1. Charges at C-beta only: +1 for Lys and Arg, -1 for Asp and Glu. How large is the resulting dipole of the chain about its Cα centre, in Debye rounded to 20?
2. Please work out the FRET efficiency for the pair His74 and Asn376, using the Cβ-Cβ distance as r and a Förster radius of 35 Å; give the result to the nearest 0.05.
3. For region 353-403, what is the charge dipole size about the Cα centre, in debye to the nearest 20, if Lys and Arg each add +1 at the Cβ and Asp and Glu each add -1 at the Cβ?
4. Could you go through region 272-279 in sequence order and give the Karplus-derived ³J(HN,Hα) for each residue, using 6.51 cos²θ - 1.76 cosθ + 1.60 with θ = phi - 60°, rounded to whole Hz, and x for Gly and Pro?
5. Order the peptides 87-100, 115-128 from the highest to the lowest mean number of other Cβ atoms within 10 Å of their residues.
6. Between Ile226 and Lys401, what FRET efficiency comes out of the Förster formula 1/(1 + (r/R0)^6) with R0 = 51 Å and r the beta carbon distance, rounded to 0.05?
7. What list of ³J(HN,Hα) values in whole Hz, one per residue of region 342-359 in order, does the Karplus curve 6.51 cos²θ - 1.76 cosθ + 1.60 (θ = phi - 60°) give from phi, with Gly and Pro shown as x?
8. Residues in region 132-148, backbone N under 13 Å from the label point at Asp28 (7 Å along the Cα-to-beta-carbon vector): list them, ranges by number please.
Amino acid sequence: MPDYKVAIIGAGFCGTMVAVHLARLAPDMPVALIERNPIPGRGLAYGTTDPDHLLNVRAEQMGAFADDQRHFWHWLEAQPDINLSRQDFAPRMVYGRYLGEILAQARAANPRLSLLTRRIADVRQLQNGFELRSDDGRILTSESIVLALGNFPPDQLSGNADEMNPYAPETWKDLAGHGDILIVGTGLTSLDLVVTMAKTKQTGKIHLLSRHGLLPREHTNPESHILKMRPPYPATALGLCKWIRQEIADAPDTPWQAVIDSLRPLNQQLWQSLNRDEQRRFMRHLRAYWDVHRHRCAPKIMDAYRGLEQAGRLALHHGTIIKQTTHEKGVDVLWRPRGSMSPETLAVQKIVRCTGPQADFRRLGDPLVQNLLKANLITADDLRLGIESEDYTACNAAGHKVDGLYVLGSLLKGKLYESIAVPELREQAADVARIITKEKNGCARPAPSAAKTSDYR
Ligand SMILES: Cc1cc2nc3c(=O)[nH]c(=O)nc-3n(C[C@H](O)[C@H](O)[C@H](O)COP(=O)(O)OP(=O)(O)OC[C@H]3O[C@@H](n4cnc5c(N)ncnc54)[C@H](O)[C@@H]3O)c2cc1C
């Protein structure tokens with residue numbers, strides 16, 4: 001008999017919330033929640049130790065439970081040492097604390113929920129389940145597995161294994177020293193780093209460089225918008241783009257942010273209505289623009305950015321890096337500004353990469369991913385955004401479901417595109433736990449809930 005009914009690999013938001021729901025639905029089920037980092041429930045997003053790294057969703061919409069979306073806000077209200085309103089963008093480390101408490105309650109509800117600190121490096125399919133081997137050689141067995149692996153680090157810029165982690169306090173200390181620095185990428189992670197540097201870096205310039213030089217837009221006061229457009233929705237990337245522009249133009253008194261947010265419950269459906277060629281077209285031409293409008297940041301974050309810019313301490317560049325040469329005094333970065341034929345050189349002390357997660361599973365060096373691919377238990381999707389799946393179950397190269405191997409979160413980006421933030425992940429975690437419980441009880445698999453993440457800004 002396998003050691004566990006369910007082994008959840010990864011205790012970020014997704015893995016933690018699957019364990020929490022399982023504890024509610026089946027309080028005596030032997031479940032292993034496995035995390036390679038010592039503190040579970042945080043993941044990359046909520047593990048930061050800088051209190052100025054803020055959520056990019058308002059407190060009132062960050063409830064961890066799909067059936068209680070105000071849960072986080074109510075929890076905040078009950079904390080004597082925290083003074084935040086429902087409309088605030090709370091520190092992400094506070095959200096980590098919130099998840100930690102929810103997990104502690106789940107462990108109290110299900111004493112058979114074990115928290116294991118280890119890095120799973122390999123999975124083998126058995127007749128009655130799976131064998132999981134960690135990188136130190138320890139082995140456990142489980143009837144089923146939930147892959148809640150989250151986001152992987154970006155591709156390395158230089159191939160150096162010692163590239164800096166933008167969320168590590170040692171990196172912040174290193175970058176705060178004398179001299180100019182270069183942050184490659186201009187998304188939310190880069191802005192987090194800018195926020196930290198605004199406090200800690202007293203001298204030297206901060207250069208930001210990305211292909212498009214696009215920064216996440218800012219949140220405005222929340223407003224709602226009722227979409228005028230009705231189905232059938234456009235089935236091409238260009239058609240969708242025109243449609244959204246028209247919707248914004250037709251609502252001159254409504255901020256565009258409200259229109260983008262009103263699309264939220266439809267986004268997965270809109271993505272799935274594009275065929276593969278159109279999805280590729282979206283990725284090539286529209287993704288960069290969509291992402292900065294859709295994934296916006298708290299106004300305080302942009303205040304820090306503008307403060308540095310106005311003080312002449314920050315410069316934004318758009319172009320491509322051709323080459324970087326490291327020497328005793330720092331790094332020379334040869335890059336070509338967008339639209340120019342003449343390369344330029346930036347001489348900096350340090351360079352840090354914040355270009356977003358690597359989602360092409362074929363290129364990931366992660367041993368678990370490579371072994372799962374080799375064993376034909378997962379298949380990379382051809383958009384290079386995640387893995388193939390059907391109803392939260394991984395599919396092999398032949399397109400068949402691998403029974404008992406469940407997936408959720410950013411691994412589903414190729415299928416859903418919007419599979420990133422708490423408002424959709426909380427639905428997924430509840431769905432996966434429901435499916436597992438029903439299957440373990442020998443019932444037919446319940447239908448996954450439709451994405452109903454309407455309350456999101
Ligand atoms: C910096 C940042 C800020 C964000 N801010 C917000 C926000 O404000 N609001 C919002 O809604 N969303 C935000 N997000 C989106 C965020 O991705 C989700 O909210 C959520 O945290 C994702 O959870 P996850 O469990 O899928 O992934 P993760 O949080 O990445 O968790 C995956 C976990 O799996 C573990 N793991 C991976 N492989 C193994 C292995 N082989 N063995 C053992 N453990 C393993 C990792 O250590 C990690 O803890 C943010 C994301 C990032 C990166």
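Coordinate-derived values only; no laboratory data. Just so you know, these numbers come straight off a predicted model, no measurement behind them. Ideal geometry is used to build each Cβ from the backbone, glycine not excepted, and the neighbour counts take in all protein chains shown.
1. Working: 57 positive and 52 negative charges, 117 e Å.
Here the chain has a charge dipole of around 560 debye.
2. Details: r = 45 Å, r/R0 = 1.29.
Working from the Cβ atoms, E equals 0.20.
3. Roughly 320 debye, rounded to the nearest 20.
4. 6, 7, 8, 7, 4, 5, 5, 4
5. Working: 87-100: 19.8, 115-128: 15.6.
By packing density, highest mean first, the sequence is 87-100, 115-128.
6. On the way: r = 38 Å, r/R0 = 0.75.
Computed FRET efficiency for Lys401 and Ile226: 0.85.
7. Taking θ as phi minus 60°, the curve returns 9, x, 10, 10, 10, 9, 10, 7, 9, 9, 9, 9, 10, 9, x, x, 7, 10 Hz for region 342-359.
8. none
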